[in-house]
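All remarks here apply to the structure that follows.
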Amino acid sequence: MGLFETIPYERVKNDGHIEIREYDSFVLASTKTSPTPKQDSGFNNVFNYISGNNSENKKISMTTPVVTYEQDN
């Protein structure tokens, strides 16, 4: 068993260093942040939400993959 809970997926194809996966539907938590001197990625916002700081005070399992990205504007 792995160290982290992972969303079930089917491996569709391996192409060198890239793996193509197919996932069933799942719930995704996301957040937008403004750049700060500390370069906060928004991870803490999502972590607090899944830890129970949400409208239902309900904990949500954290699973992999965890994805961060930067978007212009």
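The values are calculated or read from the model by the stated rules, or taken from the named source; none is laboratory data. Only a predicted model underlies this, so the values are computations on that prediction, with no experimental measurement involved. Ideal geometry is used to build each Cβ from the backbone, glycine not excepted, and the neighbour counts take in all protein chains shown. In case anyone asks, the SASA skips ligands and DNA or RNA and just uses the protein heavy atoms, side chains included. Shrake-Rupley method; radii C 1.70, N 1.55, O 1.52, S 1.80 Å.
Taking 17 Å as the straight-line reach from the Cα of K13, the aspartates and glutamates in range (excluding those fewer than 8 positions away in the same chain) are E22, D24.
What's the longest uninterrupted piece of the chain once you rule out the trypsin sites (Lys or Arg not before Pro) that are loop residues per DSSP with at most 13 other Cβ within 10 Å? Please report the intermediate quantities before stating the final value.
On the way: sites that count: K32, K38, K58, K59.
It runs 1-31.
Overall, the chain carries a charge dipole of about 240 debye about its Cα centre when +1 sits on the Cβ of Lys and Arg and -1 on the Cβ of Asp and Glu, all other atoms neutral. Could you tell me which label, among (1) 156; (2) 120; (3) 170, carries the value of volume of the Cα convex hull per residue in Å³ calculated for this structure? Only one listed value fits the structure, namely (3).
Mean separation of Cα pairs under 8 Å and 6 or more residues apart, divided by the residue count, gives the chain a relative contact order of 27 percent.
At 1.4 Å probe radius, can you tell me the per residue accessible area of the chain in Å²? Before the final figure, lay out the partial values.
On the way: 7230 Å² over 73 residues.
Counting only protein heavy atoms, the per-residue value for the chain is 99 Å².
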